[in-house]
Amino acid sequence: MNKDLNSLLWKHHWKLLSLFFVTVVGIYLYNGLNQVNSWNENYQSTIEQIKLSEGTETIKDYDFSLFYTPGQSSNKIFTTFINEPSHILWIAIALLSFGLFFLDKFSDFDQFLFASRFSKKMIFSTKMIFGFSTLLGSLIIGKIIFIGLLYMQIPNEFFNATFFELLPNQLLSLLFYSLIFSMMMFFAIIIGDVFFLFFVSIGFSISIGFFMNTFRTLFDKWNYYQHGSISMIASNSWVFSLFKAPGIQGEHPPIWYYLVYSVATGLLVALSSHYYKKLSLENNGKFILFSTLNKPLILIVSLYVPFMLVSNWLYADFYNLQLTRFFWLNHLLSFGFGVAFCGSLSWFLLFKKEALKKRSF
């Protein structure tokens, strides 16, 4: 890393990086206080109900511990789901990546950097290090504050988890948010139109939930047909909620969860670096800045979007309907219609509308 380049980028982006840090830590602080209040209200109302229905002497027979533990007594009252503020974090992470890699393309700053003695590879590497270090540092500090509030504000006899029991879940969470940042970074580099970037980012964020439902459905099917039971390990709660390990049914997050997130992040960083080195500011304003990506993106969108929508529909129907021929035919026809519609819309945006924009100028 070059000290001059570090100093230059810090002076330009310190407000963005500082705002992201304050936002993430503030989100975790607020969420921690809110979760503590929610647990206390739940605990007090449950105690009052037991007193009214059974009397004070039976309270000691109930288990009010915070986290689920395999083999726990049947008298466990509730397991509070300590949810992370995932949607707000997604927005903050997207804005961080857009601020580092997208907005600079529309200002004189990237033009100044590309004309300087610093190579594009060096500029990308420095921006990426700034982004990932700010992301992970903010998340780690925020999570420490979040868990610390729970530990200090909830009585010790109910906080039935150690640091090492919470670590697998939190490490998986960090890898997931790193993947989100690398995806948004890739979008910010290859897209040249602000409205198209907004459209793609919103669509991707919504589809993540569909993708996880699809994955969970397929995983549940496999376990059901192979073992006659549904495994809880495919639940997205492993990422978006605070869980101890092992969790329900004594399952740990499998090692391939960590490998998939790590490898996917590495591939996106490599692709981002490759296209950043080819970046030309002359193409700003185009939907996709690299014409070689138009056809692959049309193919991906044409298959990915209908698959997510139909699979989410399949996820909802799987537990309620018998898998008849009409059931599968209905879903296949819907998928085919979705491929045709998304393919036509993508082709229009990336080819026809680009041609119309050129004529207007």
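The values are calculated or read from the model by the stated rules, or taken from the named source; none is laboratory data. Just so it is clear, the structure is predicted and the values come from calculations on it, not from any experiment. So basically every Cβ, Gly included, is an ideal-geometry build from the backbone, and we count neighbours across all protein chains shown. The accessibility values were calculated without ligands, DNA or RNA, using every heavy atom of the protein model including side chains. Shrake-Rupley method; radii C 1.70, N 1.55, O 1.52, S 1.80 Å.
What nm value, rounded to one decimal, do you get for the distance between residue 340 and residue 44 when each label is placed 7 Å out toward the C-beta?
Inter-label distance under the simple model: 6.0 nm.
Which FRET efficiency, nearest 0.05, do residue 119 and residue 88 yield, Cβ-Cβ r, R0 41 Å? Don't jump to the answer; show the numbers that get you there.
Values: r = 36 Å, r/R0 = 0.88.
That gives a FRET efficiency of 0.70.
Could you sort 54, 282, 165 by their accessible area in this structure, using a 1.4 Å probe and putting the largest first? Before the final figure, lay out the partial values.
On the way: 54 85, 282 165, 165 55 Å².
Descending order: 282, 54, 165.
Expected output is a single nm value to one decimal: the length gained when fully extending between residue 202 and residue 282, i.e. 0.36 nm times separation in residues minus the C-alpha distance. What is it?
On the way: separation 80, 0.36 × 80 = 28.80 nm, distance 2.62 nm.
That works out to 26.2 nm of additional length.
Got a sec? What order do 90, 256, 39 fall in by accessible area at 1.4 Å, biggest, i.e. largest, first? Don't skip to the answer; put the middle values down first.
Values: 90 25, 256 100, 39 5 Å².
Solvent-accessible surface, decreasing: 256, 90, 39.
Extending each Cα 7 Å along its Cβ direction at residue 14 and residue 174, get the distance between those two points in nm, one decimal.
2.7
Given points 7 Å out from each Cα along the Cα-Cβ axis, report the residue 152 to residue 292 separation in nanometres with one decimal.
According to this spin-label approximation, the distance is 5.4 nm.
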